[in-house]
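The values are calculated or read from the model by the stated rules, or taken from the named source; none is laboratory data. Note that the coordinates shown come from a computational prediction; the quantities given were computed from them, not determined experimentally. Quick reminder, even Gly has a Cβ in these numbers, built from the backbone with ideal geometry, and neighbours come from all protein chains shown.
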Amino acid sequence: MSIIFGAQDATVDYSVDGWGHLPALGPVSFQIEAGQFVCLVGPSGCGKSTLVRLLAGLQAPSAGLVTINNEPITQPSVQVGLMSQEANLMPWRSVIENIALPLELAGMSSSERGHAVNSILPRLGLEEFGNAFPGELSGGMAQRVALGRVLVASPDALLLDEPFGALDAMTRERMGMDLLALWTDLRPTVLMVTHSISEAVLLADRVLILSPRPGRIIADLHIDLLRPRQLSDTHSLRFGELARQVRERIQQS
């Protein structure tokens, strides 16, 4: 099933003792079409993670509406996979057991879980590390396991909150291209938070730019680079122009 995300004048305010209501996000209105790859950028503290939580059904808006397939979001959906910056792997479970955790919680049999995990390990470049434990993995490999844990349930949409932020630059580039390859094969709807302008332009169909808190969408930039994309695209004149546009809109906000 395809997933369409939307928001209509959605806002989030927090109640702070001694300060009253603190506006954190919005109002924001947008629609992300089925199968699109959208990146969300903006200054720190502008509400990017808050918006992800709204779409994940982990938090309700203070006002306005957030939707999935034009229906109000009232709780987390099994169709939506969520991944944060921290891998949050269970150190006593192997790679296979960590990836299989959502299926185990859903009551899937051991044989079915094994088949599902073994089918996804090669896509993640982890086929030789299924029996390894988190303490034996590099940061990049741990994030691959975390991504596998999200993908193994075959979600129709991915909400990725700065998933590669803790990685070094080269590992981050590899993970970005691996994610792009997986998206090309599976075509889930993706909203990805990133602080990297280059990463956003390289991966996305659209880049949504938020203003400083309370975050509002100040630009919705279409990325017209041809697909499939390669790291070498970052050296093109058009890539440089698009990155400049994103940077200028953030600086002007």
**Study point:** Filter result for the condition that a residue is part of a strand (DSSP E or B), closer than 14 Å to LEU159 by Cα, modelled with pLDDT of 95 or more and of a type in the set (A, V, I, L, M), over VAL28, VAL38
**Key:** VAL38
Point to revise | Filter result for GLU241 (modelled with pLDDT of 95 or more, more than 14 Å from the chain's Cα centre (by Cα), charged (D, E, K, R) and in a helix (DSSP H, G or I)) | key: yes
Check your understanding: Do we find that ASP156 is under 19 Å from GLY81 (Cβ atoms) and crowded, with 20+ Cβ neighbours inside 10 Å in this structure?
Key -> yes
Revision key, fill the gap. Per the list (1) part of a loop (DSSP other than H, G, I, E, B); (2) over 20 Å from the mean Cα position of the chain (by Cα); (3) under 22 Å from SER154 (Cβ atoms), residue check on LEU89 breaks on (2)
Review point. What number of residues within the range 127-163 satisfy the criterion of being outside any loop (DSSP other than H, G, I, E, B) and either over 15 Å from the mean Cα position of the chain (by Cα) or in contact (Cβ under 8 Å) with a residue 40 or more places away in the chain (or both)?
Key: 20
Point to revise | Answer from VAL80, VAL41 - the residue that is within 20 Å of the chain's Cα centre (by Cα), farther than 23 Å from ASP185 by Cβ and crowded, with 17+ Cβ neighbours inside 10 Å | key: VAL41
**Study point:** Residues of the range 83-110 classified as among the small types (Gly, Ala, Ser) and either surrounded by 12 or more Cβ atoms within 10 Å (Cβ to Cβ) or under 21 Å from ALA166 (Cβ atoms) (or both), total
**Key:** 4
Exercise for review: Kindly check whether there is at least one residue in the range 60-76 that is modelled with pLDDT under 95 and either in contact with a Phe, Trp or Tyr (Cβ under 8 Å, 6 or more places away or on another chain) or among the β-branched types (Val, Ile, Thr) (or both).
Suggested key: yes
Review point. Yes or no: SER232 in contact (Cβ under 8 Å) with a residue 12 or more places away in the chain and more than 25 Å from VAL78 (Cβ to Cβ)?
Key: no
Review point. If we keep just the residues of the range 169-192 that are of a type in the set (Val, Ile, Thr) and buried (at least 23 other Cβ atoms within 10 Å of the Cβ), which is nearest to ARG238 (Cα to Cα)?
Key: VAL190
Practice item. Being closer than 30 Å to ASP9 by Cβ, of a type outside the set (Asp, Glu) and touching a residue at least 40 places away in the same chain (Cβ under 8 Å) narrows it down to one of ALA200, ALA166, so name that one. Key: ALA200
Check your understanding: Pairs under 8 Å by beta carbon, first residue of a type in the set (Asp, Glu) in the range 94-112, partner surrounded by 19 or more Cβ atoms within 10 Å (Cβ to Cβ), six or more apart or different chains?
Key -> GLU104/ARG113; GLU112/LEU103
